[in-house]
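Below is one structure; the comments refer to it alone.
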Amino acid sequence: MRRSLPVEVDFLVLGAGWTSSFLIPLLEKENITHAATTRDGRNDTIAFTFDPESEDEAPFRRLPASKTVLITFPLKGKGPSLRLTDLYARTHGGLKPNFIQLGVTSIWTGAGWQDHTSPYDKTQPRAIAEDELMAVAGGVALDLSGLFGGARQPRHWVDRVIKSKADLRAKGALHIVHGEDVARAIVALHRNFTPGQRWLLTNLHVYDWWTLIHGWALEALRAAETGGSEESDSSTLARHQELLQWVGELMGEEGVKALPRDSTRFERALDGRAFWVKMGIMPLYTQV
């Protein structure tokens, strides 16, 4: 039997995806009343799809009134943020909740250290939508570095992003944040909202791709020697040996005397301290 739709909650998630697998358990643990949407209404969520070209109020009338509204799906360009917030207000008696938009750190394209106050690419469609949300609704943009946790692990990304030695040469810093820390950050914003602010979220570490790959390759090869690895077929082992060789060659070619490389060697490094300091908490997950 499907439960009835809530009329009012503390927290509404528009788009319950990967992040919500960490967020919803935390909301329940913290006794924060909540509701969430998906396109098809699965798992006791509310069926909801946002069409940035539509003025139809019907989808919004199904949504509960909420103190905080989290937008997990990307809004792009000028117009969608205004339309979404306006339709929500029109269908909820002019209610003005605190809106949080999840974004990406790729809007910061400058060289060297970048923080939440650094210049960003104002022509990037997601940045445009974030700026609009802040302007029309006093919303917050929470821009996330690479997401990991559960089955989503950085070591599984290697074959996708590094297909050649040239690819590895180009790899500098990796910035990530765990799903549970994202959930903690969102709950912190719910409790300590910062109107009109854009935040940059990392786990406070700058990882060196070469160091990570060196360690993962050695770990896999040692495990294969002791029979403790499921990745012991010849092609997989050859791949790890190849990666290990590339790291060694690149260190010589680039004059790198030791790993990890200093952050000055990276084109860009992200400083995510400000958010955690503001909220008085620290990220919990740093091991990859």
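State yes or no: is LEU102 more than 21 Å from ALA35 (Cα to Cα), touching a strand residue (DSSP E or B) at 6+ places or on another chain (Cβ under 9 Å) and buried (at least 19 other Cβ atoms within 10 Å of the Cβ)? Even if it seems obvious, please write down each step before you answer.
Working: more than 21 Å from ALA35 (Cα to Cα): no; touching a strand residue (DSSP E or B) at 6+ places or on another chain (Cβ under 9 Å): yes; buried (at least 19 other Cβ atoms within 10 Å of the Cβ): yes.
No.
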Scanning segment 136-184 for residues that are acidic (Asp, Glu) and more than 20 Å from LEU204 (Cβ to Cβ), the one surrounded by the fewest Cβ atoms within 10 Å (Cβ to Cβ) turns out to be ASP159
Residue pairs qualifying under the 6 Å Cβ cut-off, at least six apart or on distinct chains, with the first in segment 113-126 being farther than 25 Å from HIS205 by Cα and without any contact (Cβ under 8 Å) to a residue 40 or more places away in the chain and the second being crowded, with 20+ Cβ neighbours inside 10 Å and not hydroxyl-bearing (Ser, Thr, Tyr), are GLN124/ILE107
Screening ALA36, ALA16 for residues that are part of a loop (DSSP other than H, G, I, E, B) and surrounded by 20 or more Cβ atoms within 10 Å (Cβ to Cβ) leaves only ALA16
Of LYS67, LYS78, the only residue that is assigned by TED's automatic domain parsing to the domain that holds LEU144, within 27 Å of the chain's Cα centre (by Cα) and loosely packed, with under 14 Cβ neighbours inside 10 Å is LYS78
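The values are calculated or read from the model by the stated rules, or taken from the named source; none is laboratory data. Being a predicted model, the structure only gives us computed values, none of them experimental. Glycine gets a Cβ as well: all are built from the backbone with ideal geometry, and neighbour counts include every protein chain shown.
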